[in-house]
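Working notes for the structure below.
The values are calculated or read from the model by the stated rules, or taken from the named source; none is laboratory data. Computed from a prediction, not measured in an experiment: that's the story for all the values here. Every residue, glycine among them, receives a Cβ derived from its backbone with ideal geometry; neighbour counts consider all protein chains shown.
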């Protein structure tokens, strides 16, 4: 009885081995009579050939390779090898059905056929349930899957990519439903309808810790910079739960615990559970372990510097809290002042310097270290080149680079050169990369390549505004990489000649015949091309008149014309350090007033010849969004003391005589400091002061060059050439008047003294070559005085607010602020409180607007 059962089972097994089908429900079939096959007595055959049938899009030769069947192979039929062929073919995921058929048997030679039914291919992917912009973002990540085989792998991959995309944006519960339908235009393809339901964004309801004793929950939560609870006081950092950011935070948590001496700290377990449909609870169990301290620290392998000297640079003593992070900073940087050991070596040519701290002994709570030094040879710079400057000429780039052939390699000069290139404004500072190459230990030489990426630097200002009771249009063009020497070379126009780092600015503003203002500025940072001698030439003309509406004898008639020209020469200094610059400017302004108010006199002609000396130091690390450094400027401006030698009796002189030759001395101090608080959050602190003095008390203060404080600080539409505009947000333009004075909108000559303080928190939203956007919150205060006897630097008009800045290469810096002024202005009840301020084309490089 048992032998019959065994025979039956063997027959069934052998039949399955000869032919397999996807459904497994059809009986086996052969194209030729199979009476020569005996399932109880398998026979050896020689394979005479293999054919493929049912193929539409696939390569037959590739399928034969996958089958591993070759003409001349010896086969046992029926046998397990046949089942293996079908299994291998089906495992490719390309077929809905696979059959292995015998087409002919000739003596001991067998001919086989592999019959397949291909799976359909994708003709179209329809995504619904989300916005059009989101569909485009998802399709970019999916790439183009048209023509791909529609199998379970494709469906799983599509679902995973969509879910991961929305998970990164905080939609943790996103669902994806994919359904197939035949393509009516092609029976071999299908259309996939993908329905996406993002659900609601998932935020973090709570973060809890277990096992922590030395660290409070509050402190551990601070280590999770991107995994924040949805609390009102968590201003910065996302409150959405994102898996990738959570993984980063867990690693950061351990590193921060280890940085405070708990070198054995680890996460034992963690869980993320649903609190409700829109939030999750995070629980993390930690192991702190004991707190460790530095023990004995010795150096080995050092020849250039003694161990005692290196210990002083390291600044870690026995008994200090053990921190591998702090040790790494002191050995390899970066430190805020670049006083780590790596800077010591790299600034002296030791390009291949390396330090390996080895923990030689751990006992109780103490760790002994052996810092094994590899100094290597001193390297000298062989060649310096620049790559990527498609517009800017090589000489313009190379003259800013401070690493020169023949010098010892110097990391500090490498960093400084990168900063100087970013200050040109022609390159994307985030993509400027100096790279040592061709390092040759045999002769101790190295080449340096500065990789740069050009960015648009020219700017256009096209705007319209309403001011002074009329509509004013403005057109401004700034070419920030101009080439004067190619002015008559038509082949160099793109649309103007570029590449020499010069700047040309043209600006026009007009409201028709009532008001016109035209200006021109040209500057060359390297006069002569060999030394950093700054040269600038500027000219302007401005006119305001209502004469076309009233006769000259009318009290309503008024007219103003101002013409000016100026030249500036400047030089970079090497003392006190090489961030200093000294500029001298000589300017001449000519004023003609005809029944025009606002300048202490209304009729006459004035001449203003002024010499300005400006000493500045700019060490900001970036021109658009600085995160460190300072910008300090001290300015003295003087005119000749005409009243001391022109024999005019100023006791009785009328205003048109008194102010014909303007005389004054003017002192200004402006300073900004930038400090990174945490991450990309930056604090900007600013102090400003100005004083306008006179030589002769009989002449008094100058009618020009006064300070007008309040508002957005823009010097666009205004009849105020000869006045300095100082912004103070939260107050109307020019509304800050000396204490005891009343504001008069029609007669604001300005003040002789002012000061201003600003604190501003900044955080970037976008920082790229095409745009830079950052948000800010500010608190500032300022005031004006007529005399020093009333000057009180602590009596200021105060305001707070917030705003945003957008830098677009073609338009420059655009700003929008909302400020709230706390202090009333006498005579102007609406001058403070809430005020919106818009600014355009304000200065970069930490400008003082």
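With respect to residue 299, is the statement that it is modelled with pLDDT of 95 or more, in contact with a helix residue (DSSP H, G or I) (Cβ under 6 Å, 6 or more places away or on another chain) and outside the structural domain of residue 251 (by TED's automatic domain parsing) true?
Working: modelled with pLDDT of 95 or more: yes; in contact with a helix residue (DSSP H, G or I) (Cβ under 6 Å, 6 or more places away or on another chain): yes; outside the structural domain of residue 251 (by TED's automatic domain parsing): yes.
Answer is yes for this residue.
Taking the residues in region 136-153 that are touching a residue at least 24 places away in the same chain (Cβ under 8 Å) and out of contact with any strand residue (DSSP E or B) (no Cβ under 7 Å at 6 or more places or on another chain) as candidates, determine which candidate is surrounded by the fewest Cβ atoms within 10 Å (Cβ to Cβ). Lay out the reasoning, then the answer.
Residues of region 136-153 touching a residue at least 24 places away in the same chain (Cβ under 8 Å): 137-138, 141, 146-153.
With out of contact with any strand residue (DSSP E or B) (no Cβ under 7 Å at 6 or more places or on another chain) added as a condition, the list becomes 137, 141, 151-153.
On the way: 137: 15, 141: 10, 151: 16, 152: 8, 153: 11.
The extreme case among them is 152.
Take residue 696 and decide whether it is under 30 Å from residue 647 (Cβ atoms), out of contact with any strand residue (DSSP E or B) (no Cβ under 8 Å at 6 or more places or on another chain) and surrounded by fewer than 18 Cβ atoms within 10 Å (Cβ to Cβ). Please lay out each step first, then the result.
Working: under 30 Å from residue 647 (Cβ atoms): yes; out of contact with any strand residue (DSSP E or B) (no Cβ under 8 Å at 6 or more places or on another chain): yes; surrounded by fewer than 18 Cβ atoms within 10 Å (Cβ to Cβ): yes.
Spelling it out, residue 696 is indeed under 30 Å from residue 647 (Cβ atoms), out of contact with any strand residue (DSSP E or B) (no Cβ under 8 Å at 6 or more places or on another chain) and surrounded by fewer than 18 Cβ atoms within 10 Å (Cβ to Cβ).
Please pick out the residue among 649, 696 that is farther than 25 Å from residue 568 by Cα, free of Cβ contacts under 8 Å to residues at least 40 places away in the same chain and in the same structural domain as residue 727 (by TED's automatic domain parsing). Walk me through how you get there before you give the answer.
Values: 696 fails: free of Cβ contacts under 8 Å to residues at least 40 places away in the same chain.
So the residue among 649, 696 that is farther than 25 Å from residue 568 by Cα, free of Cβ contacts under 8 Å to residues at least 40 places away in the same chain and in the same structural domain as residue 727 (by TED's automatic domain parsing) is 649.
Looking only at region 289-312, decide whether some residue is outside any strand (DSSP E or B), under 18 Å from residue 219 (Cα atoms) and within 37 Å of the chain's Cα centre (by Cα).
Let us first name the residues in region 289-312 that are outside any strand (DSSP E or B), namely 289-292, 301-312.
Next cut, under 18 Å from residue 219 (Cα atoms) only: 289-291.
Of the ones still in play, those that are also within 37 Å of the chain's Cα centre (by Cα) are none.
No, that holds for no residue.
With respect to the numbered conditions (1) outside the structural domain of residue 179 (by TED's automatic domain parsing); (2) within 56 Å of the chain's Cα centre (by Cα), which one is the sole condition not fulfilled by residue 153?
The one condition residue 153 does not meet is (1).
Please state which of the following conditions residue 213 fails to meet, knowing it meets all the rest: (1) surrounded by fewer than 15 Cβ atoms within 10 Å (Cβ to Cβ); (2) at positive phi.
(2)
Which one of these does residue 251 not meet: (1) out of contact with any helix residue (DSSP H, G or I) (no Cβ under 9 Å at 6 or more places or on another chain); (2) part of a helix (DSSP H, G or I); (3) more than 30 Å from residue 364 (Cβ to Cβ)?
Single failed check for residue 251: (3).
Kindly evaluate residue 778 against the criterion of being in contact with a strand residue (DSSP E or B) (Cβ under 8 Å, 6 or more places away or on another chain), at pLDDT 95 or above and outside any loop (DSSP other than H, G, I, E, B).
Working: in contact with a strand residue (DSSP E or B) (Cβ under 8 Å, 6 or more places away or on another chain): yes; at pLDDT 95 or above: yes; outside any loop (DSSP other than H, G, I, E, B): yes.
Yes.
For region 252-259, check the following and say yes or no: at least one residue is surrounded by fewer than 19 Cβ atoms within 10 Å (Cβ to Cβ), more than 30 Å from residue 342 (Cα to Cα) and not assigned by TED's automatic domain parsing to the domain that holds residue 357.
no
Only one of (1) farther than 30 Å from residue 764 by Cβ; (2) modelled with pLDDT of 95 or more fails for residue 688. Which number is that?
So residue 688 meets the others, but not (1).
Run residue 677 past the list (1) under 27 Å from the mean Cα position of the chain (by Cα); (2) part of a loop (DSSP other than H, G, I, E, B) and report the number of the one that doesn't hold.
Going through the list (1) under 27 Å from the mean Cα position of the chain (by Cα); (2) part of a loop (DSSP other than H, G, I, E, B), residue 677 breaks only (2).
Tell me the residue from 130, 114 that is within 20 Å of residue 54 (Cα to Cα) and not in a helix (DSSP H, G or I), please.
Values: 130 fails: within 20 Å of residue 54 (Cα to Cα).
Sole residue among the options that is within 20 Å of residue 54 (Cα to Cα) and not in a helix (DSSP H, G or I): 114.
Being over 19 Å from residue 504 (Cβ atoms), modelled with pLDDT of 90 or more and surrounded by 15 or more Cβ atoms within 10 Å (Cβ to Cβ) is true for just one of 441, 405, 434. Which residue is that?
Residue meeting the stated conditions: 434.
State the number of residues belonging to region 522-532 that are buried (at least 17 other Cβ atoms within 10 Å of the Cβ) and either out of contact with any strand residue (DSSP E or B) (no Cβ under 8 Å at 6 or more places or on another chain) or under 15 Å from residue 563 (Cα atoms) (or both).
0
Going residue by residue through region 742-750, is there one that turns out to be buried (at least 19 other Cβ atoms within 10 Å of the Cβ) and either modelled with pLDDT of 90 or more or not in a loop (DSSP other than H, G, I, E, B) (or both)?
Looking for residues that are buried (at least 19 other Cβ atoms within 10 Å of the Cβ) and either modelled with pLDDT of 90 or more or not in a loop (DSSP other than H, G, I, E, B) (or both), one finds none in region 742-750, hence no.
Which pairs turn up if I take residues in region 787-799 that are in a helix (DSSP H, G or I) and look for partners that are surrounded by fewer than 12 Cβ atoms within 10 Å (Cβ to Cβ) with beta carbon separation below 8 Å, at least 6 apart in sequence or on another chain?
Taking only residues 6 or more apart or on different chains, the pairs are 790/740.
So which residues in region 118-133 are within 15 Å of residue 174 (Cβ to Cβ) and touching a residue at least 12 places away in the same chain (Cβ under 8 Å)?
127, 128, 129, 130
One line per residue, one yes/no per condition, for (1) out of contact with any helix residue (DSSP H, G or I) (no Cβ under 6 Å at 6 or more places or on another chain); (2) modelled with pLDDT under 95; (3) surrounded by 16 or more Cβ atoms within 10 Å (Cβ to Cβ):
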{"site": "322", "(1), (2), (3)": "yes, no, yes"}
{"site": "335", "(1), (2), (3)": "no, yes, no"}
{"site": "339", "(1), (2), (3)": "yes, yes, no"}
{"site": "345", "(1), (2), (3)": "yes, no, yes"}
{"site": "349", "(1), (2), (3)": "yes, no, yes"}
{"site": "356", "(1), (2), (3)": "yes, no, no"}
{"site": "360", "(1), (2), (3)": "yes, no, no"}
{"site": "364", "(1), (2), (3)": "yes, yes, no"}
{"site": "371", "(1), (2), (3)": "yes, no, yes"}
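Of the residues 610, 559, only one is under 19 Å from residue 748 (Cα atoms) and touching a strand residue (DSSP E or B) at 6+ places or on another chain (Cβ under 8 Å); which?
Working: 610 fails: under 19 Å from residue 748 (Cα atoms).
Criteria check complete, one pass: 559.
What number of residues within region 800-815 are under 26 Å from residue 506 (Cβ atoms) and assigned to a strand (DSSP E or B)? Please lay out each step first, then the result.
Step one: filter region 800-815 for residues under 26 Å from residue 506 (Cβ atoms), giving 805-815.
Filter once more, keeping what is assigned to a strand (DSSP E or B): 805-808, 812-815.
Of the residues in that region, 8 qualify.
Select from region 261-288 the residues that are over 30 Å from residue 200 (Cα atoms), without any contact (Cβ under 8 Å) to a residue 60 or more places away in the chain and assigned to a strand (DSSP E or B) and list them in ascending order.
Scanning region 261-288 gives 266, 268.
Please enumerate the residues belonging to region 424-439 that are over 21 Å from the mean Cα position of the chain (by Cα) and either touching a residue at least 40 places away in the same chain (Cβ under 8 Å) or not in a strand (DSSP E or B) (or both).
436, 438, 439
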